[in-house]
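Trainee: Structure in structure tokens, see below.
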Amino acid sequence: MEVSLALTWLLFLGLFPLAFFWLRRAWRILVKRDFSEVALKRGEPPPNAEKYAPYTAAVNLIAGAIAVSVILLVVISGVAYETWTAIAGSTIWIKFFADFIVSRQARLNWGKPKN
């Protein structure tokens, strides 16, 4: 088996749990109002997690929807390898960066005096 073929299958099969976890996280935030996974930094949510819940939910919902779309594109229409791997890879990286930005933004104290 060629290494590139194994990596292709690893990326494709990895989209299934990624999409599941991202969509489940969005569901927990939006429907169940569980803010324990909002803007995490070292596994802890910020004190004002409810304020940043819409941003975290949107990031997870969009990334999960794109991952499901890529899976369906590959299975149903057989989209080109270069296309779906570019979409999947970009989605994964942008999602991780967006989560990082939201988690750090939630901890900034703009203009608030420190006690």
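Trainee: Which net charge results for the neighbourhood of Lys41, defined as the other residues with beta-carbon distances under 9 angstrom from its beta-carbon, given Lys and Arg at +1 and Asp and Glu at -1?
Mentor: Around Lys41, the surrounding residues sum to +2.
Trainee: Using the crude model of +1 on Lys and Arg Cβ and -1 on Asp and Glu Cβ, and no other charge, please compute the dipole size for region 13-105 relative to its Cα centre, in debye to 20.
Mentor: 280
Trainee: Related question: Per residue of region 69-80, what does 6.51 cos²θ - 1.76 cosθ + 1.60 with θ = phi - 60° give for ³J(HN,Hα)? Whole Hz please, x for Gly and Pro, Karplus curve as stated.
Mentor: 4, 5, 4, 5, 4, 5, 6, 7, 9, x, 4, 4
Trainee: Projected onto the charge dipole of the chain (+1 at Lys/Arg Cβ, -1 at Asp/Glu Cβ, origin at the Cα centre), which of Thr56, Leu15, Phe97 gives the Cα projection farthest towards the positive end?
Mentor: Going by the charge dipole, the pick is Thr56.
Trainee: Quick one: Karplus J couplings for region 32-42, per residue in order, coefficients 6.51, -1.76, 1.60, θ = phi - 60°, nearest Hz, x for Gly and Pro?
Mentor: 3J(HN,Hα) across region 32-42, in whole Hz: 7, 6, 9, 9, 6, 10, 8, 6, 5, 9, 6.
Trainee: Taking square-rooted eigenvalues a ≥ b ≥ c of the alpha carbon gyration tensor, is region 13-105 rounded, prolate or oblate, where a/c under 1.5 means rounded and, failing that, a/b exceeding b/c means prolate?
Mentor: Prolate shape, in that a/c is at least 1.5 and a/b is the bigger ratio.
Trainee: Let me ask something else about it. Going by how many other beta carbons lie within 10 Å of each one, how would you line up Arg107, Arg42, Arg25, Arg33, fewest first?
Mentor: Ascending Cβ contact count within 10 Å gives the list Arg42, Arg33, Arg107, Arg25.
Trainee: For Gln105 paired with Ala86, estimate the spin-label separation in nm (one decimal), with each label point 7 Å from Cα along the Cα-to-Cβ line.
Mentor: Modelled inter-label distance: 2.7 nm.
No value in this document is a laboratory result; all are computed from the given coordinates. Computed from a predicted structure; not experimentally measured. Neighbour counts are summed over all protein chains in view; Cβ atoms, including those assigned to glycine, are modelled from backbone coordinates with ideal geometry.
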